[in-house]
Amino acid sequence: MKKPGPLFLLIICGFFIHQNIQAQRKMMTPEFLKKGDTVGILATARKIEMATLQPGIKLLESWGLHVVIGKTIGKEDHQLAGPDWIRATDFQEMLDNPSIKAIWAAKGGYGTVRIIDRIDFSNFKKKPKWVVGFSDMTVLHSHINNMGIETMHALMAMNVKTATPEAIESLRKALFGEKLEYKMTHHPYNKNGKASGEIVGGNLSVLYSILGSKSEVDYKGKILFIEDLDEYLYHIDRMMMNLKRNGYFDGLKAVLIGGMTEMNDNDIPWGKDALQIIQDILKDYKIPVIFNFPAGHIKDNRAMIFGKTVSVDVNEIGSKVTFE
């Protein structure tokens, strides 16, 4: 048998070095908040009026925090909170302002991807701060994860009025560095098992839209969370099939399925709801899967720290997710 050549050995060595680096990557945790700190509220995507933010502002103030309102609040450029350059400038100024300890998204929708390549993260990498939100903020969660920095997937400022007390309390715990742990009742589609790994993910449509870009996250060895809103059922199937065919589910440690909310169907039904579609596509992977995890476009949108190592335990009684 012919001995392997030096090029082959170099490739194999490089592969294992890469795998080892990925396994040993240490994520940076921004400083947790304390009373007297300042939180900036801005809009990276859809427009929003100041009046809508009052419950969120009062909430932060009740926790002893100060609030700075971004220049994008009240701005309007058709659907967006001002032109791209204004939204990018607003985010950049808060990112570079050392007195602002967390940036809280006012609203999602669509538009963050239009400004992401305008942002200079140089100062942020040296002194990270919390970036907080969900939905369209998935672009920022993924982009920042590639810098080795944790972010906070949680309700946005506009959601405070309708959020459950549990969701609001989870945001407070996350911001102030208290332990996060969630227990759920058994769901018939769950797949039992235990796993531990770094949690990544967010809105399925946004994750799908950034595949192949520099904002795409490496899913290998990770725990993936997904949720979505107002999609056609066949779109869910199409996105999940794309992820499957391109190997994104290979090597995952576990999958958490959050709210699949307000789904649409055609005159001729697709034949499965969103959870059934996902269950069918994930059925052959021998990893734990949790359905109806309390996060996403739902009132009970619990906070998570993306980039943090979590442990997952799923059995016949229920499931538990603990942030280490």
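For q values of 0.10, 0.16 Å⁻¹, compute log₁₀ I(q)/I(0) with the Debye formula on a Cα-only model of region 13-139, without solvent. The computed values of log10 I(q)/I(0) come out as -0.36, -0.80. As a rough guide to protection, the peptides 178-185, 235-242 ranked by mean Cβ packing within 10 Å, highest first, stand as 235-242, 178-185. Computed about the Cα centre, the dipole magnitude for region 161-203 is approximately 80 debye when only Lys and Arg (+1) and Asp and Glu (-1) carry charge, each at its Cβ.
Its relative contact order, with pairs defined as Cα atoms under 8 Å and 6+ residues apart, puts region 32-152 at 29 percent.
Reachable lysines from K253, Cα under 20 Å, same-chain residues fewer than 8 places away excluded? Correct list for K253: K26, K183, K191, K194, K220, K222, K244, K283, K286, K308, K320.
Each listed q (0.13, 0.22, 0.29 Å⁻¹) maps to a log10 I(q)/I(0) for region 61-121 from the Debye sum over equal C-alpha point scatterers, namely -0.36, -0.95, -1.40.
With both residues required to sit in the chain, DSSP beta bridges show an antiparallel share near 40%. Contact order for region 135-254, expressed relative to its length and based on alpha carbon pairs under 8 Å spaced 6+ residues apart, stands at 31 percent.
Which whole-number percentage describes the relative contact order of the chain, with Cα contacts under 8 Å and a sequence gap of 6 or more? It would help to have the intermediate numbers written out before the result.
Numbers: 675 pairs, mean separation 60.6, N = 324.
Relative contact order comes out at 19 percent.
Normalised radius of gyration (Cα atoms, divided by 2.2 N^0.38 Å) for region 96-230: 1.10.
What's the carbon and sulfur percent of the chain's accessible surface, probe 1.4 angstrom, rounded to a whole number? Summing carbon and sulfur atoms, their accessible area is 54 percent of the total for the chain.
Charges were assigned to the Cβ only: +1 to each Lys and Arg, -1 to each Asp and Glu. The resulting dipole of region 158-291 about its Cα centre is roughly 640 debye. Pairwise Cα distances in region 233-293 exceed 19 Å for 30 percent of all pairs. Would you please calculate the Kirkwood hydrodynamic radius of region 40-89 over all C-alpha pairs and express it in Å, rounded to one decimal? About 11.2 Å, per the Kirkwood formula over Cα pairs.
How large is log10 of I(q)/I(0) for region 174-324 at q = 0.08, 0.14, 0.15, 0.21 Å⁻¹ when the intensity is taken from the Debye formula with one equal scatterer per alpha-carbon? Results for region 174-324 at q = 0.08, 0.14, 0.15, 0.21 Å⁻¹ read -0.21, -0.65, -0.75, -1.52. Count Lys and Arg as plus one, Asp and Glu as minus one, and take only other residues whose Cβ is under 13 Å from that of G251; the net charge is then +2.
Rolling a 1.4 angstrom probe over the protein heavy atoms, how many square angstrom per residue are accessible across region 158-274?
Per residue, region 158-274 has 48 Å² of solvent-accessible surface.
Between [x] 1.15; [y] 1.02; [z] 0.94, which matches Cα Rg over 2.2 N^0.38 Å calculated for the structure shown? Correct label, based on the coordinates given: [y].
Placing unit charges on the Cβ atoms of the charged side chains and taking the dipole of region 190-313 about its Cα centre, the candidate lying farthest along the positive direction among L243, A295, G307 is G307.
Springs join every pair of Cα atoms under 10 Å in this Gaussian network model of the chain, and among A51, A81, A195 the largest mean-square fluctuation is at A51. Neighbours of I73, meaning other residues whose beta-carbon lies under 13 angstrom from its beta-carbon, give a summed charge of +3 when Lys and Arg score +1 and Asp and Glu score -1. Seen against the Cα atoms of the chain and their longest principal axis, helix 165-176 is set at about 90 degrees.
The values are calculated or read from the model by the stated rules, or taken from the named source; none is laboratory data. Please read these numbers as outputs of a predicted model, since none were measured by experiment. Every residue, glycine as well, gets a Cβ built from its backbone with ideal geometry; the counts of neighbours run over all protein chains shown. Quick note on the areas: whole protein, heavy atoms, side chains included, nothing else; ligands and nucleic acids left out. Shrake-Rupley method; radii C 1.70, N 1.55, O 1.52, S 1.80 Å.
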